[in-house]
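I have placed the structure first, in the form of structure tokens, so that the comments after it can refer back to it.
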Amino acid sequence: QVQLVESGGGLVQAGGSLRLSCAASGRTFSSYAMGWFRQAPGKERDFVATISWNGRNTYYADSVKGRFTISRDNAKNTVYLQMNSLKPEDTANYYCATGRSAYASSLYQHYDYWGQGTQVTVSS
């Protein structure tokens, strides 16, 4: 079955950086878009970033545009989220997900498999 394992979360001060990784197995990774979402306590799961199957198309939530970068390495079946200039409002559990198709999408319903999440905490 499809498995997604996130790593790289932690505690960081405001203005700092973290790099999240998501290792995928059980599916032809290079055929599908990938996405990152986040969920803070008491809030809905929100879109963060997405990347198409070949990495040529990426889209970001307005709240992270210019600070976060999504990328993928199809040879390693891994997608990354580089997070710079972190803010306390970025504190959340971050989830990666595989798309139902090759095309990048910000819509939750366009993803079918999800990881367990990795916690990111940004202190002020």
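The values are calculated or read from the model by the stated rules, or taken from the named source; none is laboratory data. No experiment lies behind these values; they were computed from the predicted model shown. In this analysis, Cβ positions are derived from the backbone assuming ideal geometry, glycine residues included, and neighbour counts consider all displayed protein chains. The accessibility values were calculated without ligands, DNA or RNA, using every heavy atom of the protein model including side chains. Shrake-Rupley method; radii C 1.70, N 1.55, O 1.52, S 1.80 Å.
If exposed trypsin sites (Lys or Arg not before Pro) are those in a DSSP loop with at most 12 other Cβ within 10 Å, what is the longest stretch of the chain that has none? Longest site-free region, per DSSP loop and neighbour criteria: 77-124. Taking the alpha-carbon centroid of each part, what is the distance from the stretch 107-124 to the stretch 1-56 in angstrom? If you average the Cα positions of each part, the centres end up 6 Å apart. Highest mobility in the GNM of the chain, judged by mean-square fluctuation with C-alpha springs under 10 Å and restricted to S101, S63, S30, is found for S63. Expressed as a whole percent, the accessible surface of the chain that belongs to carbon and sulfur atoms is 45, based on a 1.4 Å probe.
Extension gain, R67 to R100: 0.36 nm times the residue separation minus the Cα-Cα distance gives 9.2 nm. Calculate the FRET efficiency for D112 and S17 from the Cβ-Cβ distance with a Förster distance of 25 Å, rounded to the nearest 0.05. Efficiency, from the Cβ-Cβ distance: 0.25.
Residues in the stretch 83-111 near a label at A40, defined as backbone nitrogen under 20 Å from the 7 Å Cα→Cβ point? Answer for this model: 83-96, 108. For a modelled paramagnetic label at S30, 7 Å from Cα along Cα-to-Cβ, the residues of the stretch 59-74 in reach, with backbone nitrogen under 15 Å, are 72-74. Restricting the calculation to Cα atoms, every distinct pair contributes to the Kirkwood radius of the stretch 1-69, found to be 13.8 Å. Per residue, the chain exposes an accessible area of 52 Å² to a 1.4 Å probe, with every protein chain left in place.
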